[in-house]
Amino acid sequence: MKLKNVAAAGALALATALALSACGGNSDTGSGSKDTKSPAATTATVDSSLTGQITAGGSSAQANAQQAWTTAFTAQATGVKINYDKSQGSGGGRTNWLGGSYDFAGTDSALSSDEFTKAKTTCGPDGGLNIPVYLSGVSVIFNVQGVDKLNLSASVIAKIFSGKITTWNDPAIAALNSGVTLPSAKIASVHRADGSGTTNNFTDYLHQVAPSDWTNEPSNNWPFAQVGSGQQGGSGVVTAVAQTANSIGYADQSSINGAHQASIQAGTSGSDFVAYSADGATKAFDEAAQDAAQGDGDLTKKLDYTKITGTDAYPIPLLSYDVVCKTFKDSTQGKLTAAYLGYIGSSQGQQIAAKNAGAAPLPDSVVSEIAKTVALIK
């Protein structure tokens with residue numbers, strides 16, 4: 001599926017304005033990260049002489065950011081076309097990339113060790129790279145009659161989505177929401193039906209923080225197909241929740257379109273509940289991220305959700321990657337793809353995603369790592 005021509009005049013004007021505003025060296029992202037003001041990582045230069053086409057797809061969570069990145073990049077490199085197919089989801093993106101159909105794939109979970117091994121067949125002996133490019137959060141969205149604000153804990157979320165809690169006025173939900181009148185209605189849960197990195201992040205959070213209530217291992221595939229309704233893509237989940245009374249679902253924050261979002265309990269106990277914010281996602285990343293490289297230049301990060309305890313850190317951050325070959329069979333295509341990935345992983349690219357997709361800019365320490373990794377692509 002090809003995107004509409006992003007070089008239209010209005011899009012060009014918007015992209016230029018975004019790029020100029022993102023280039024300011026004194027820009028304060030408000031992200032709360034430890035080193036967001038490093039002057040060495042504030043700009044990115046696009047080679048205007050680049051030509052060619054990049055074919056990619058995958059993560060629907062990245063879709064809004066990819067559209068904004070594409071618009072801004074091609075406004076400067078007008079001879080480049082970038083097609084990103086968000087309909088595939090993370091699972092389809094990785095599958096198509098491993099099959100050689102994509103120059104890169106967007107995925108909300110890094111290549112597994114098995115996929116990393118398979119990448120040597122796709123890419124050659126140098127294999128592939130996981131490059132983090134997008135930081136956001138998994139939002140728990142709800143449509144409950146008479147309820148505008150909702151507090152939830154990892155334990156209660158696990159019990160709702162596994163079918164152990166079935167009505168909204170269940171004592172476990174009521175205990176977290178003093179003063180809120182909860183209906184006796186049956187809970188209609190909505191989950192992803194396709195292979196989804198958002199699902200992987202969500203189930204990883206539940207498994208780590210509420211292991212006695214969510215015993216299933218993290219997975220891109222939803223483990224309780226018999227519970228609730230399965231929908232294609234994040235947009236499918238959001239639409240189903242909007243159209244279904246007394247429903248609950250999960251989606252990347254950028255795609256929720258004004259849906260009510262639950263505030264999530266900080267840690268495993270206590271009275272502090274945190275609503276999503278870009279600032280909160282960055283603070284959570286600072287607390288949770290651990291290096292888990294699978295090879296030279298690889299930037300896989302493991303999120304330890306149990307370490308996210310700050311009352312201003314959003315408990316379910318989502319880190320999304322672009323996966324790419326280290327060595328392309330066509331070096332010209334490798335140069336083009338590296339130029340684009342370097343752009344979106346720069347502080348300028350991160351600012352564009354923040355302005356257009358509600359993303360949380362990655363810390364400059366990670367931006368610097370991305371620049372070094374992209375330099376390895378050939």
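All of the numbers you see were taken from the coordinates with simple rules; none came from a lab. The structure presented is a predicted model; accordingly, all values stated were derived computationally and were not measured. All Cβ positions, even for glycine, are placed from backbone atoms using ideal geometry, and neighbour counts span all protein chains on display.
Helix 197-209 versus the longest principal axis of the chain: what is the Cα-based angle in degrees, 0 to 90, to the nearest 10?
That works out to roughly 50 degrees.
With a ≥ b ≥ c the root eigenvalues of the C-alpha gyration tensor of the stretch 46-155, is it rounded (a/c under 1.5), prolate (a/b larger than b/c) or oblate?
In terms of gyration-tensor shape, oblate.
Specify the angular offset, from 0 to 90 degrees and rounded to the nearest 10, of the alpha carbon long axis of helix 9-22 from the longest principal axis of the alpha carbons in the chain.
Orientation of helix 9-22: about 80 degrees from the principal axis.
Using alpha carbons only, how many degrees (0 to 90, rounded to 10) separate the axis of helix 113-123 from the longest principal axis of the chain?
Approximately 30 degrees, to the nearest ten.
Just to verify a number: FRET efficiency for Asp272 and Asp330, C-beta to C-beta distance, R0 = 56 Å, to 0.05?
Efficiency, from the Cβ-Cβ distance: 0.60.
Taking 0.36 nm per residue of separation and subtracting the Cα-Cα distance, what length does fully extending Leu376 through Lys186 add? Please list the in-between numbers first.
Numbers: separation 190, 0.36 × 190 = 68.40 nm, distance 5.32 nm.
This chain segment gains 63.1 nm when fully extended.
Could you please report the charge total around Ala119, scoring K, R as +1 and D, E as -1 over all other residues with beta-carbon less than 11 angstrom from its beta-carbon?
Charge balance near Ala119 sits at 0.
For a test of the definition: using alpha carbon positions, the gyration tensor, and the 1.5 limit on a/c, classify the stretch 138-282 as rounded, prolate or oblate.
rounded
Is the shape of the stretch 270-378 rounded, prolate or oblate, going by the alpha carbon gyration tensor and its root eigenvalues a ≥ b ≥ c, with a/c under 1.5 for rounded and a/b larger than b/c for prolate?
prolate
What is the diffusion coefficient of the chain in µm²/s, taking the Kirkwood radius over Cα pairs and the Stokes-Einstein relation at 4 °C with a viscosity of 1.567 mPa s? Write down the numbers at each step before the final one.
Details: Rh = 20.9 Å.
In µm²/s, the coefficient is 62.
Could you calculate the FRET efficiency of Asn169 with Ala293 from 1/(1 + (r/R0)^6), where r is the beta carbon distance between them and R0 is 51 Å, rounded to 0.05?
0.60
Taking every DSSP beta bridge with both residues inside the chain, roughly what % is antiparallel (nearest 5)?
60 percent
For a protection proxy built on the mean count of beta-carbon atoms within 10 angstrom, sort 211-224, 108-121 highest first, please.
Highest-to-lowest ranking by the protection proxy: 108-121, 211-224.
Placing +1 at every Lys and Arg Cβ and -1 at every Asp and Glu Cβ, with all other atoms neutral, what dipole size does the stretch 138-282 have around its Cα centre, in debye to the nearest 20?
Magnitude of the dipole: close to 340 debye.
Within a Cβ distance under 14 Å of Val274, other residues only, what is the Lys/Arg minus Asp/Glu net charge?
On the way: positive: Lys149, Lys283; negative: Asp272, Asp279, Glu287, Asp312.
With Lys, Arg at +1 and Asp, Glu at -1, the net is -2.
If packing is taken as the average count of other Cβ atoms within 10 Å, what order do 51-60, 91-100 fall into, highest mean first?
51-60, 91-100
From the P(r) of the stretch 258-325, could you give the percentage of C-alpha pairs in the tail past 16 Å?
Of all Cα-Cα distances in the stretch 258-325, 51 percent exceed 16 Å.
If you place +1 on the Cβ of every Lys and Arg and -1 on the Cβ of every Asp and Glu, how big does the dipole about the Cα centre of the chain come out, in debye to the nearest 20?
680 debye
So how do Ser235, Ser184 line up by other beta-carbon neighbours within 10 Å, fewest first?
Ser184, Ser235
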